[in-house]
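The values are calculated or read from the model by the stated rules, or taken from the named source; none is laboratory data. Predicted model only: the values in this text are computed from it and were never measured. We place every Cβ from the backbone using ideal geometry, glycine too, and count neighbours over all the protein chains shown. The protein model used for the area step is the full one, side chains on, heavy atoms only, and it has no ligands, DNA or RNA in it. Shrake-Rupley method; radii C 1.70, N 1.55, O 1.52, S 1.80 Å.
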Amino acid sequence: MNREIENHLYAILHPNSALIASQYWPEQLSTHYTSGPTRHYEGKVIFAEVDPEFRHPYFNIEEAMAELEPHEDGRPKATKFISSYRVLEHLDFAALKKLYLSTPEGYCIGLDEAPYVPDKKPESLRIYAEIDPMQMLVLSTYNFAEFGKFLTDPLNPVGAPKFLYADLNLDLEDFLLRLEENPFLPPPIPGLHPAILRDAINELRTVSYKENKGLSLNSYLDGIPYKLIGKGFMFASAEALKYFPMPSAQDIEKRSMKFARAL
């Protein structure tokens, strides 16, 4: 169904970091990024729709919006880059609307914000995939919210003022059992050697003063299937959290069978 041309603001969070103005709707932007005619990107795309009324002195948003004009043939303007440096740091979480996940084929779904409610049972070790502004893979004793506070602590030398990250749903006990039975077990996370994960688990279980252990300088997000995402995605700063839960497989199937098939 055709929709009227409107001006939008989007924060691209993966594979690069950028704030862009666009006349594309989210589904069009997803396809443009993954199969555009001139700058093709192969992999996942994660972006957030930003309130078009959002303004910050760090960004020249007004100027970019004024330059959004359809092409002579009536096609909407795809992208007008506003900034590609320290973007998330200068975004207001309140201006973030939906978070969109795109498959390499360009199918996308939108995630809605929800209150974060910690599990009643204490969480064991968790694996977190940092997304923006850094992309490390980390094993941690912290729960989903605590990890965000750790990342955005001003005293953290590997942190940043604001972060986007996700948790991975991996049964570590089952992984250890299977690795013991089969030393040649394939990587449970693409690109991560099983021995590295095993040693990190043992270290955090035996060294009482350590809460986190880096697994890789790359989060391997493009190789991680969306079905491995656990609770979802968290935007964090020292003052606030903004949580976008990952829909269940059944919910995704109802919304987009094409996206579900790419899980």
| query | In this structure, does L179 turn out to be surrounded by 15 or more Cβ atoms within 10 Å (Cβ to Cβ), within 25 Å of G43 (Cα to Cα) and modelled with pLDDT of 95 or more? | reply | no
| message | Can you tell me which of (1) aliphatic (A, V, I, L, M); (2) modelled with pLDDT under 95; (3) in contact with a Pro (Cβ under 9 Å, 6 or more places away or on another chain) is the one A195 doesn't meet? | response | (2)
| task | Kindly state which helices (runs of 4 or more DSSP H) lie completely within the stretch 155-263 and contain at least 3 residues that are among the charged types (D, E, K, R). | result | 172-181, 194-206, 249-255
| task | State whether one or more residues within the stretch 246-260 are touching a residue at least 60 places away in the same chain (Cβ under 8 Å), open to solvent by less than 20 Å² (accessible area, probe 1.4 Å) and in the same structural domain as K149 (by the TED database). | result | no
